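The next block holds one structure in the form of structure tokens; read it before the comments.
The values are calculated or read from the model by the stated rules, or taken from the named source; none is laboratory data. Everything quoted here is computed from the prediction, not taken from an experiment. Cβ coordinates were reconstructed from backbone atoms using ideal geometry, including for glycine residues, and neighbour counts include every protein chain displayed. These accessible areas exclude ligands, DNA and RNA; they are computed on the full protein's heavy atoms, side chains included. Shrake-Rupley method; radii C 1.70, N 1.55, O 1.52, S 1.80 Å.
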Amino acid sequence: MIAPSFAELRERLKAGRASLAAAFLKKPEVNRYLTQHAALVDGVLSEINSRITLPDSFCLAAVGGYGRGELFPGSDVDVLLLLPHDPTAEQQTILESWVQACWDVGLEIGHSVRTIDNCITEADADLTVETNQLEARFVWGSTSLFDEFRKRFQARFDAQHFFEGKLAEQQARHARFDDSAYKLEPNLKDSPGGLRDLHTIHWLTQACGIAGGWTGLARANLLTRTEARRIEHVERSLSALRIHLHLLAKRREDRLAFDYQTELAAQLGLTATEHKGAGEHLMQGYYRAAKLIQRANDILIQSLRARLFPVTAPPQPLDEDFQVRANLLEVRDPELFKRKPDALLRAFILYAQHPQLAGFEPATLRALWRGRTRINAAFRANPAHRALFMTLLRQPHGVTRALRAMHRYGLLGCYIPAFGRIVGQMQHDLFHVYTVDEHILTVLRNVRRFTVPTLAHEFPLASKLIAAFDKPELLYLAALFHDIAKGRGGDHSELGMADALRFCSQHGLDKTDSELVAWLVGMHLVMSRTSQKEDISDPEVIAAFTAKVGNTRRLTALYLLTVADIRGTSPKVWNAWKGKLLEDLYQAAQARLAGDEDAASDIASKQSEARINLALYGLPNSVADALWQHLDTRYFTRFDAREMAWQARMLWRHTTSPSAIVRARLSPAGEGIQVLVYTPDRSDLFARICGFFARIQYTILEAKTHTTRHGYALDSFQVMDLVNRGIHYRDFLSFVEHELARDLDPAQPLQPPTRGRLSRHQRHHPYPTTVHLEADAPGYGHMLSITCPDRGGLLFEVAEVLMRNNVGVYTAKIDTLGERVEDTFLIRGEVLQDPAKTAALVAEVREVLK
């Protein structure tokens, strides 16, 4: 129970905090809130000290954010109790009572009790302690003791050691967030571009002996006064957001979680527009602020480093305008960018051409940042500048890092205004995890990786194709423009085509090359959709795709862009199976473009190859015939020779088996497993198989079902582990073969998997569910397409609906894009001949997807 005197103090603190919160929500004055909150806590602590009767020879100091006078609603109250000597037993009892009293009144303190000698020892051993003590502020007690502490702390302070330590600390912190400021739920304090990056600048500024915050940096000529005001404004904006977040969460919460984004936007007065929700406007503002902080962090840290670690070695000239100093690119004349604006682009060409350069010299970096304002319409219209930009794209090395540097310091968005508009724009489509600008540069990087010989093992076909591609800069332009029109409304592919065509024409590309880039932008989704949604073993699908492509050059360019694009959406989206589908589609389309269209010859060739494969196992031709005699032409067009040989080898003794035969192997695609199911056909097979894999948390990537002439189902499934458990594959293959065969026993009840729940991302950024059913063009059945948020058990529920309506699944293409699925089923059934029953089926599927 709290003592009466402390109960009253607790209520005073509670009422004071409530009053500050109410005043802030009415009029959000950041500095007023933070300083008055710190002052309120100062007063409460002083009152506790007097009631506990701490010896007046002690000193209480505020440290950390509280020491700076910046106390956020949910932040800990970090304090240092300075003692002139180690405490006596009696003083130890008083100190314990003091700590208890602090918690009793509602102060969540982080405290340390030390002598000055202890402080110095701990500061020497721990950089975090040293940083806290750097910001120590007197609150109560012996001023002489505090002064002595400050004097001794400063006497042993090693600015260079501190500087290096804080930089290493920042790098480690950034690495915890994958060096990205663009997470869907960023930590506005600790993420790259967050408040902690600004704190780091403040600490290093103090280490360099520069006082006065941003104004002090302007006085030291490291910032202009306008830049200082802009950074101060951004710091104030993020601090306001953090205060709002703490008040909304009613606790310390520094992550901009989906749960809070919309409500925070409302509190800040942001409203939805035609193409963006209020939360998206909030996050775009945050990402742009984070990018500005990253720029400031880069520039100021290098500038401060130059003060602490002056370089005495003479510079090495590169050309008449640039030189290298301490491995950094430096202008030879501080007024260069004013005299020769084209140098703004030439600087990045040199940066690309000289991979040994670690970056830009601080004064040059500041000049580049300030020089971005010179990139206006007249600059962009200058033919010499346009030629320089194309020269940059045609560099054999360093293109990605040069363009990333241009983006980081604000020049890329100035040179390509359409790119500037999508900076910081989030994509809440449940599978992109990067902002549009970061995604675009990641796709560009992926295309560039194909050109690196030492990385050829990653994507052998892509590396081979790009090595023979005559103008790779066209692919880089397509990457830059493929998503540049997002957020405008309408089809971003079509809008981006117009932007790309205009840019290419302005930059001297001929008509053929300009049209190729524009075509790639307009068609950049077609190859992935075809490979992942349609049956690419169907000659008519290949014919339709090839008709859209037209020639081998376009096919090659589209393949390279598609692989790079899918890999650039999210680490979770790309897998080996998607890679195999794209490669198979490329090879099939290339063969058709070359005039190889003889289906009968193709089947005979596959059969011959399969027989050769079987012979390697010492098996005669009769092994293949035992199975193939029951199969029609469609089977031989849908499976490749290796699959045909494996299936024949597994089934030749069991072609009339009354029970289910299940065989599994590691997938030839290089990831996941391939499962063969052979059993007398019946309507519940697909639902049972889907239920089994959902229960063991494996996802089905593709299903091919085939019914033999004698009434057996021959089904092939590509499946992958959802949670990457690292199970020993031999044991797992045996488990699948045994347990799935048992589940397919008609005497066993149909076992539904546990229905999964939507993630927080899906709940707060719902993606529309669509169900579309239409007759398949070749006439094999009907195509059912569904798009919706992903969850456990979803495929089983769809399969169960189809089963209840006696609808069979001929093929299923399951495309999981992060937290979204785009599944396509080729289905057959009598109900599909009746429009009313068809509409009821679609409604039933839509209902289970809710």
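Odds and ends about this structure:
- Dividing the alpha-carbon radius of gyration of segment 509-622 by the rule-of-thumb value 2.2 N^0.38 Å gives 1.29.
- Debye, to nearest 20: dipole size of segment 1-103, +1 on Lys, Arg Cβ, -1 on Asp, Glu Cβ: 620
- Spacing of the two label points (7 Å from each Cα toward its C-beta) at residue 35 and residue 512, in nm: 6.9
- The angle separating the long axis of helix 195-207 from the principal Cα axis of greatest extent in the chain is about 40 degrees.
- For a label point 7 Å along the Cα-to-beta-carbon line of residue 804, residues of segment 684-718 with backbone N under 20 Å: 684-692, 694-695
- Accessible area per residue in Å² at 1.4 Å probe, computed on the chain: 42
- Normalised by the number of residues in segment 523-606, the mean separation of alpha-carbon contacts (under 8 Å, six or more apart) gives a relative contact order of 40 percent.
- Given R0 = 25 Å, the distance between the Cβ atoms of residue 5 and residue 92 translates into a calculated FRET efficiency of 0.70.
- Axis of helix 794-804 versus longest Cα principal axis of the chain: the two differ by about 30°, to the nearest ten degrees.
- Modelled label positions at residue 390 and residue 320, each set 7 Å beyond Cα in the direction of Cβ, lie 2.4 nm from each other.
- Its relative contact order, with pairs defined as Cα atoms under 8 Å and 6+ residues apart, puts the chain at 7 percent.
- Extended-chain gain in nm, criterion 0.36 nm per residue less alpha-carbon gap, residue 263 and residue 288: 7.0 nm
- Length gained when the stretch residue 551-residue 236 is fully extended (0.36 nm per residue, less Cα-Cα span): 107.8 nm
- Angle in degrees between helix 492-506 and the longest Cα principal axis of the chain, rounded to the nearest 10: 80
- DSSP assigns beta bridges within the chain; of those with both partners inside it, close to 90 percent run antiparallel.
- Spin-label model, residue 576 to residue 785: label points 7 Å out along the Cα-to-beta-carbon direction sit 3.0 nm apart.
- Paramagnetic reach from residue 99 (point 7 Å along Cα→Cβ, amide N under 17 Å) across segment 105-143: 105-115, 119
- Flagged links, alpha-carbon separation over 21 Å, of 189/276; 27/276; 464/533; 183/486; 166/250: 189/276; 27/276; 464/533; 166/250
- Based on Cα contacts under 8 Å between residues 6+ apart, segment 528-670 shows a relative contact order of 25 percent.
- Relative to one another, the C-alpha centroids of segment 263-329 and segment 628-643 are positioned 58 Å apart.
- Computed FRET value (nearest 0.05) for residue 21 with residue 731, which takes r as the C-beta separation and R₀ as 41 Å: 0.10
- Full-stretch length increase - residue 709, residue 742 - with 0.36 nm per residue and alpha-carbon distance subtracted: 9.4 nm
- For segment 634-718, the Kirkwood estimate of hydrodynamic radius, built from reciprocal distances between every pair of different alpha carbons, is 13.4 Å.
- Separation of alpha-carbon centers, segment 384-447 and segment 472-506, rounded to whole Å: 12
- Student exercise, the chain dipole from Lys, Arg, Asp, Glu Cβ charges, in Debye to nearest 20: 1760
- Listed by chain and number, the aspartates and glutamates placed with their C-alpha closer than 17 angstrom to that of residue 338 are 320, 321, 330; residues fewer than eight positions away on the same chain are left out.
- Percent accessible area from carbon and sulfur atoms, the chain, protein chains only, probe 1.4 Å: 51
- Sparsely packed trypsin sites (Lys or Arg not before Pro) within segment 451-508, loop by DSSP, other Cβ within 10 Å at most 12: none
- Förster radius 45 Å - calculated FRET efficiency between residue 169 and residue 333, Cβ distance, rounded to 0.05: 0.80
- Helical mean residue ellipticity (222 nm; -39500 (n - 2.57) per DSSP H run of 4+; nearest 500) of the chain: -17500 deg cm²/dmol
- Spatial separation of Cα centroids for segment 104-124 and segment 533-577, in angstrom: 61
- Hull-based mean projected area of segment 230-319, where the convex hull spans the alpha carbons, in square nanometres: 9.9
- Zone residues, segment 7-36, relative to residue 46, backbone N less than 15 Å from point 7 Å out along Cα-to-Cβ: 36
- Segment 59-123 - share of DSSP beta bridges that are antiparallel (%, nearest 5): 35
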